[in-house]
Amino acid sequence: MPDLSKLSEAILKGDVKTAVEITKEALAAKVDPQEILDKYMIPAMDEVGRKFECNELFVPELLLTARVMKSALELVRPLLAASGAEPAGRVVIGTVKGDLHDIGKNLVASMLEGGGFEVTDLGVDVSPEKFVESAKSKNANLIAMSALLTTTMPSMKSVIAELNKQGVRGQVKVIIGGAPVTQQYADEIGADGYSDNANGAVGLARTLIKK
Amino acid sequence: MKNYVRIELQPLGEVFQVERGTPLQDVLFEHGVEFPCGGKGRCKGCRVRVLSGRISLNARQEEVLSSREIQDGWRLACAARAEEDLVLEIAQWETNILTDESRFSFTPRAGLGIAVDVGTTTLVAQLVDLTSGQVRAVQSALNPQARFGGDIMTRVQHALTDDGREELRRIIHHEIGRLIALLLHAPECPAQPLSVITLAGNTVMHHLFCGLDVRPLSAYPFESESLGAQRFSAKDMGWSVPGDPTVCFLPCIGGFVGSDILAGILATSLHDSETVVGLVDLGTNGEIVIGNRDKMICASTAAGPAFEGARIEMGMRAATGAIAEVHLENNGWKCHVLGNAPARGLCGSGLVDAAAAGLELGIIQPSGRLNGDGTPWQLMPPVALTQKDIRELQLAKGAIAAGFQILKEQWADEAQELGRLYLSGAFGNYINRGSARRIGLLDFPLEQIVPAGNTSLLGAKLALFRDPDELDFRPLLGRIEHLSLSVHLRFQEVFAESMLFPEQ
């Protein structure tokens, strides 16, 4: 029986090799994948998120952590799916049309994945139609949008308009973020939530989906 | 003999009395004059021109000022006392503006020319005698568009509102027209016709001045089709200038890399260089060019405003009270504050110095983490450096360093070493090159980094001497390739890696 606390440590340290080894050992020893996720991976990612929020960790470390998390998740996820376990929520995420910044969006995506969400990353320069289409086809309960330019922010409003137009606004929550975005802007365009950091976005997603 | 003397400051128009014999540094400091070198007589930042009265010369002044300046009445305020009633003209402006005083080679032409650097924040205009190449007068002002947003993107956003574009165009024309009128009415202005006005600025400034649609610059792929040189008649601008001078806004290169960088290439003769050299403008948008006389590649990278002291907890511009330098001393550090005043903030050069010193002293780890429990580093109370400040700096320096690396990789097939690196702009003049290297902002040997001043203005000035038909710079532009970093596959990855500080 492997020491799973080392998996949490490896995630915190950004150690891909150890994380993958321990996860494999644990799965071979028939540890419940849901337990690996809930008891070790998610708490480790929460800790990383907390440290990032208070500036203790920074982008390069977080990207490294995200890589570790992804490698471990790839091992666990197929087993979870096979057992019919439901994710914490289904998220469609992307950087809005006209905008190519993806570091912040990637951080939020990996934090959400690390938080037990099923994440579909649409990449950058995503049109309102594509956001809505993917949300529908993935049966998502959350759309997360990022914009880093004051000039591309208005595209967030277009996504909400498109949701309304297609009559699916009620089925999905919308959260937004990015340097020029504010809570006030979120209120103005009728988004359900705003976070100024990746960790906050996970908490926000959890709260909104519970509603 | 009375014990007080009367001082009048121009162009502020302030009049006041001080005790006879008071050092001018103390007097002027209270009236907002800055002493960039700390009043050590090392720079000319505090120079004043004596319009009435007398300030005696001393060795320090003669060393720093040229004989022409002395003859014109310029003195260093930091090396003088108020011994009699004085009327002084202050050379300094509200913000740091570099006017170029460097020498350059040219082919004489007839008449006068005016070169204008249209900066996002500041405007500088020089009146040049085209027969002698001499700069006869200089005027500067804040860019009046700045009240609609400090950075280019908020400016673009305003231009996209109903009357925004027209409003921005009108106020910039009006303000530059005012500067031109002041230059032409200066007593130093020779009685010759004005034959040409050249303007240089980034792509957004170019488009706003020329009344072009900025929509292409508001979103990906950020490529406008109207990058070329734009000509106007002074009458169209609403400028009342004698004769009918050619007015030309120099062409942009690509994306956000504007004619200010084209001017920088001219100013540094990068396009004539045998060896591969670099040019970087460390602003909110960092622009980088590398190349030689055969080929050039350029890119712009969004560094954010950290170098200007913005988004830094105790950040401020390089003004009195700013920590502008941090030196290592006896296993500790020492701060130098501008204007011999109590420290009240940290400017861009101080921020870079502080990070470099912190890394050397082990106070800051290569990851950027402050040692201890994350409490701010007390540099010189009340001024402290917070963990978040370091993160902002990491973003800014990461963007520049990553841009450089991508351009160098792009160039790599040529198997040529980059020789010299020119730094343009105000920050390039004040930044400590050793510190810039220590934090991984500029990975170059110190002796190869050359502060080049306001290269946008110098380049615009060089353009005054060209044949008006050649102001479109077609052959030169054909040798410059613009690389869009935002779509470059490796940029994000290199950017994240470049946020780390070098181990040593």
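What to note about this one:
- Residues of segment A:93-124 classified as within 13 Å of chain B (Cβ to nearest Cβ), at pLDDT 90 or above, part of a loop (DSSP other than H, G, I, E, B) and touching a strand residue (DSSP E or B) at 6+ places or on another chain (Cβ under 7 Å), total: 3
- Total residues in segment A:139-166, condition surrounded by 16 or more Cβ atoms within 10 Å (Cβ to Cβ) and in contact (Cβ under 8 Å) with a residue 40 or more places away in the chain: 17
- Any hit, segment B:382-402, residues being part of a loop (DSSP other than H, G, I, E, B), within 14 Å of chain A (Cβ to nearest Cβ) and not small (G, A, S): yes
- The set of residues from segment B:155-167 being over 20 Å from the mean Cα position of the chain (by Cα) and either under 27 Å from B:A303 (Cβ atoms) or facing chain A (nearest Cβ under 10 Å) (or both) comprises B:V156, B:Q157, B:H158, B:A159, B:L160, B:T161, B:G164, B:R165.
- Count - residues of segment B:432-447 that are buried (at least 16 other Cβ atoms within 10 Å of the Cβ) and either in contact with a strand residue (DSSP E or B) (Cβ under 9 Å, 6 or more places away or on another chain) or more than 17 Å from B:K408 (Cα to Cα) (or both): 9
- Filter result (surrounded by 16 or more Cβ atoms within 10 Å (Cβ to Cβ), in contact with a strand residue (DSSP E or B) (Cβ under 9 Å, 6 or more places away or on another chain) and either under 12 Å from A:N141 (Cα atoms) or of a type in the set (D, E) (or both)) within segment A:167-208: A:V172, A:K173, A:V174, A:I175, A:D192, A:A205, A:L208
- From B:R479, B:R391, B:R437, B:R433, residue being charged (D, E, K, R) and under 22 Å from B:I253 (Cβ atoms): B:R479
- Scanning segment B:222-235 for residues that are of a type outside the set (F, W, Y), buried (at least 18 other Cβ atoms within 10 Å of the Cβ) and in a strand (DSSP E or B) returns a single hit, B:Q230.
- Some residue of segment A:61-80 being under 25 Å from B:A402 (Cα atoms) and in contact with a strand residue (DSSP E or B) (Cβ under 6 Å, 6 or more places away or on another chain): no
- Qualifying residue in segment A:176-188 (condition: touching a helix residue (DSSP H, G or I) at 6+ places or on another chain (Cβ under 8 Å), in a loop (DSSP other than H, G, I, E, B), away from every other protein chain (no Cβ under 13 Å) and under 19 Å from B:Y220 (Cβ atoms)): yes
- Out of B:G332, B:G368, sole residue that is buried (at least 24 other Cβ atoms within 10 Å of the Cβ), touching a Leu at 6+ places or on another chain (Cβ under 8 Å) and either within 14 Å of another protein chain (Cβ to nearest Cβ) or under 20 Å from B:I439 (Cβ atoms) (or both): B:G368
- Count of segment A:38-92 residues, restricted to those that are within 29 Å of B:G368 (Cβ to Cβ), among the charged types (D, E, K, R) and in a helix (DSSP H, G or I), is 8.
- Filter pass, B:A141 being surrounded by fewer than 21 Cβ atoms within 10 Å (Cβ to Cβ), among the small types (G, A, S) and part of a helix (DSSP H, G or I): no
- Number of residues in segment B:472-482 that are touching a residue at least 60 places away in the same chain (Cβ under 8 Å), surrounded by fewer than 20 Cβ atoms within 10 Å (Cβ to Cβ) and either part of a loop (DSSP other than H, G, I, E, B) or in contact with a helix residue (DSSP H, G or I) (Cβ under 7 Å, 6 or more places away or on another chain) (or both): the value is 3.
- Number of the exception - A:N106 against (1) surrounded by fewer than 22 Cβ atoms within 10 Å (Cβ to Cβ); (2) at negative phi; (3) touching a residue at least 12 places away in the same chain (Cβ under 8 Å): (1)
- Among the residues making up segment B:112-134, those that are part of a strand (DSSP E or B) and touching a residue at least 60 places away in the same chain (Cβ under 8 Å) are B:L112, B:G113, B:I114, B:A115, B:V116, B:D117, B:V118, B:V124, B:Q126, B:L127, B:V128, B:D129.
- With respect to (1) touching a Gly at 6+ places or on another chain (Cβ under 6 Å); (2) within 14 Å of chain A (Cβ to nearest Cβ); (3) closer than 23 Å to B:L262 by Cβ, the lone exception for B:Y220 is condition (3).
- Of all the listed residues (B:G428, B:G403), the sole one being buried (at least 24 other Cβ atoms within 10 Å of the Cβ) and touching a Ser or Thr at 6+ places or on another chain (Cβ under 7 Å) is B:G403.
For every residue, the table says whether it meets (1) more than 22 Å from the chain's Cα centre (by Cα); (2) at pLDDT 95 or above; (3) not in a loop (DSSP other than H, G, I, E, B).
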{"position": "B:R169", "(1), (2), (3)": "yes, yes, yes"}
{"position": "B:H173", "(1), (2), (3)": "no, yes, yes"}
{"position": "B:L183", "(1), (2), (3)": "no, no, yes"}
{"position": "B:E188", "(1), (2), (3)": "yes, no, no"}
{"position": "B:V196", "(1), (2), (3)": "yes, yes, yes"}
{"position": "B:A200", "(1), (2), (3)": "no, yes, yes"}
{"position": "B:H206", "(1), (2), (3)": "no, yes, yes"}
{"position": "B:L212", "(1), (2), (3)": "yes, yes, no"}
{"position": "B:Y220", "(1), (2), (3)": "yes, no, no"}
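- Filter result for the condition that a residue is more than 14 Å from every other protein chain (Cβ to nearest Cβ), under 30 Å from A:H101 (Cα atoms) and either among the aromatic types (F, W, Y) or assigned to a helix (DSSP H, G or I) (or both), over B:S456, B:S486: B:S456
- Cβ separations smaller than 9 Å between residues 6+ apart or across chains give the following pairs from segment A:53-78 residues that are within 14 Å of chain B (Cβ to nearest Cβ) and in contact (Cβ under 8 Å) with a residue 12 or more places away in the chain to residues that are among the small types (G, A, S) and surrounded by fewer than 17 Cβ atoms within 10 Å (Cβ to Cβ): A:E61/B:S367.
- Conditions (1) out of contact with any Lys or Arg (no Cβ under 6 Å at 6 or more places or on another chain); (2) modelled with pLDDT under 95; (3) closer than 30 Å to B:E497 by Cβ; (4) of a type in the set (A, V, I, L, M, F, W, C); number of the one not met by B:L446: (1)
- Between A:T207, A:T182, the distinction of being free of Cβ contacts under 8 Å to residues at least 24 places away in the same chain, within 17 Å of A:E53 (Cβ to Cβ) and of a type in the set (V, I, T) belongs to A:T207 only.
- Among the residues listed as B:G264, B:G255, B:G278, the single one being at pLDDT 90 or above, within 21 Å of the chain's Cα centre (by Cα) and within 14 Å of another protein chain (Cβ to nearest Cβ): B:G255
- Residue in segment A:131-150 that is within 14 Å of chain B (Cβ to nearest Cβ), among the polar types (S, T, N, Q), out of contact with any strand residue (DSSP E or B) (no Cβ under 6 Å at 6 or more places or on another chain) and within 30 Å of A:K51 (Cα to Cα) present: yes
The values are calculated or read from the model by the stated rules, or taken from the named source; none is laboratory data. It should be emphasised that the depicted structure is a prediction, and the values quoted were computed from it without experimental measurement. Reconstructed Cβ throughout: ideal geometry from the backbone, glycine too, with neighbour counts over all protein chains shown.
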